[in-house]
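**Q** Got a structure here, written out as structure tokens. Questions coming.
The values are calculated or read from the model by the stated rules, or taken from the named source; none is laboratory data. This structure is a prediction, so every number in the text was calculated from the model and none was measured. In this analysis, Cβ positions are derived from the backbone assuming ideal geometry, glycine residues included, and neighbour counts consider all displayed protein chains.
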Amino acid sequence: MKSLRSKILFPSLIGIVLTLSVTALLVVVFVSKKLDKQFNGLLLLKAKSLILLAEYEEEGLEFDYVSDMMPEFTGLNPDYFILTNAKGNEIARSESLDNVKISWQIPLQEDDVVFRDVRLPDGRQGRIVYVWFHPMIENDADEPSLKTADQLRIWKENVPKLVVAVAVDRKPLEIIRMNAAVGVAGGMLLTVLLIVFIVSYQTAKGLRPFYYLIRQVKQLDEKSLHKPIEVPSDYEEINLIVDQLNKSLTGLNKAFVREREFSSNVAHELRTPITELILLSDVIQAGLNDPDVMSQFFVDSLEIAQHMQGIVECLLNLARAESKREILVSEKFDLLSLVENKSVQIKSHLNSIQCVSITANKDSLWVENDSKAMGIIVSNLINNALSYSPPETTVEVALSRQGSQVELLVSNEVVDLEHQDLAHLADYFWRKETARSHRQHLGLGLSMVQALSKLVSVSIEFSLSGSTFSVRLRM
């Protein structure tokens, strides 16, 4: 499996190397053409210096070449020149060409300037330039110079055209060209090495927080989920990943803790009725012939079985709600009528002596939601309020509509509830110690309310003001 570093580093380096290579090639081509142009310019300048030596006089063509004035055409590794007419008949040549038969072919087309690569008489690789020109006519001081177009035309018609060919060694050009190519290649190589170092270093430095994060993630197990991941980094993206991981780990740790507590609470809740059944069995064995004992045994057994059934049904309902497997049917219904009906049913079922006061700012409060789920929520809230409020107190249920939002507020007096208890009210099987002796209280009512509220997109809020506990629903 490829690492993130290699995935980032190698394509970047390949792209950089290719870009530099193409750039270096273009630079070499550009420099080579520039060198050719400059070399040809110098060669042409040398040819023009010879052209200035040729002029027509009364006696005929005069070529004032002096070898001492142009030593480059003599000695070791000399340059070469030859002067001919347009037909190729030789007029003059350099001393370096004495007794040398040359094979240079004068181009038939009379171009002004032609450059060619040739082999010099001594075997060296060289370059030659052919220049066609009209030699100047000697002009005395008392004769007018050639200035008008007609004079120039007559001069070109009467003066025959000549050709001068100058050949020089091409080796200096090739050396400079090679040095330039080597310099560019060496510079490119050094640049590539420097870029590889910088990119590798910066990539490793940039990915260092990721490696630190990976090491911490590898060390995670079920016993260390409570420890947050800490990665020293100034990168916004990494900090975002770390924050999300810590949130997930916190949720996962809570799920593990809740699972352990859930297993313990289920065992505790089921152990009590099972113990009661065992004790009842012992009692019935002792009083097997007593009809009253037998009758009470069946009554108590039924009550215990119903209690266990209630636990199982609540747990199943909670599992469906939290896993969102509950099938919702959205429909319009009057929330005020639903609250009134559920209040009567719960109060009758509990045989409660408390009063339930229902107030609303409208004669009817129609909402669109799952009426079955809302019925379970309302029933549990009223049941909880009646079960835990002191005798001869009033449970207040207030409904109101503000624009498109409907609010349901259930308030009741409490005796021993504290502010730190609010965070645990929706935990499975959570009850204050004073409520654990009541068999009808399973500690799952508000857990069910919270799970169903999330399912039907209803916000829920617990609050405690003095001795008044309130649950506020908004939909």
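**Q** Hey, among 249, 270, which residue is surrounded by 11 or more Cβ atoms within 10 Å (Cβ to Cβ), within 30 Å of residue 424 (Cα to Cα) and modelled with pLDDT of 80 or more?
**A** Unique residue meeting the criteria: 249.
Listed here are the residues, each with its yes/no results for (1) within 30 Å of residue 63 (Cβ to Cβ); (2) under 50 Å from the mean Cα position of the chain (by Cα); (3) surrounded by 13 or more Cβ atoms within 10 Å (Cβ to Cβ).
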{"position": "167", "(1), (2), (3)": "yes, no, yes"}
{"position": "177", "(1), (2), (3)": "no, yes, yes"}
{"position": "180", "(1), (2), (3)": "no, yes, yes"}
{"position": "183", "(1), (2), (3)": "no, yes, yes"}
{"position": "190", "(1), (2), (3)": "no, yes, no"}
{"position": "199", "(1), (2), (3)": "no, yes, yes"}
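**Q** Quick check, is residue 3 farther than 17 Å from residue 171 by Cα and of a type in the set (Ser, Thr, Tyr)?
**A** Here the answer is yes, as residue 3 does meet what is asked.
**Q** Going by the conditions given, is residue 242 surrounded by 12 or more Cβ atoms within 10 Å (Cβ to Cβ), modelled with pLDDT under 80, in a helix (DSSP H, G or I) and out of contact with any helix residue (DSSP H, G or I) (no Cβ under 6 Å at 6 or more places or on another chain)?
**A** Against the criterion (surrounded by 12 or more Cβ atoms within 10 Å (Cβ to Cβ), modelled with pLDDT under 80, in a helix (DSSP H, G or I) and out of contact with any helix residue (DSSP H, G or I) (no Cβ under 6 Å at 6 or more places or on another chain)), residue 242 does not qualify.
Matching residues to (1) touching an Asp or Glu at 6+ places or on another chain (Cβ under 8 Å); (2) of a type in the set (Gly, Ala, Ser); (3) surrounded by 14 or more Cβ atoms within 10 Å (Cβ to Cβ); (4) touching a residue at least 60 places away in the same chain (Cβ under 8 Å):
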site	(1), (2), (3), (4)
4	no, no, no, yes
7	no, no, no, no
13	no, no, yes, yes
24	no, yes, yes, yes
29	no, no, no, no
35	no, no, yes, yes
38	no, no, no, no
45	no, no, no, no
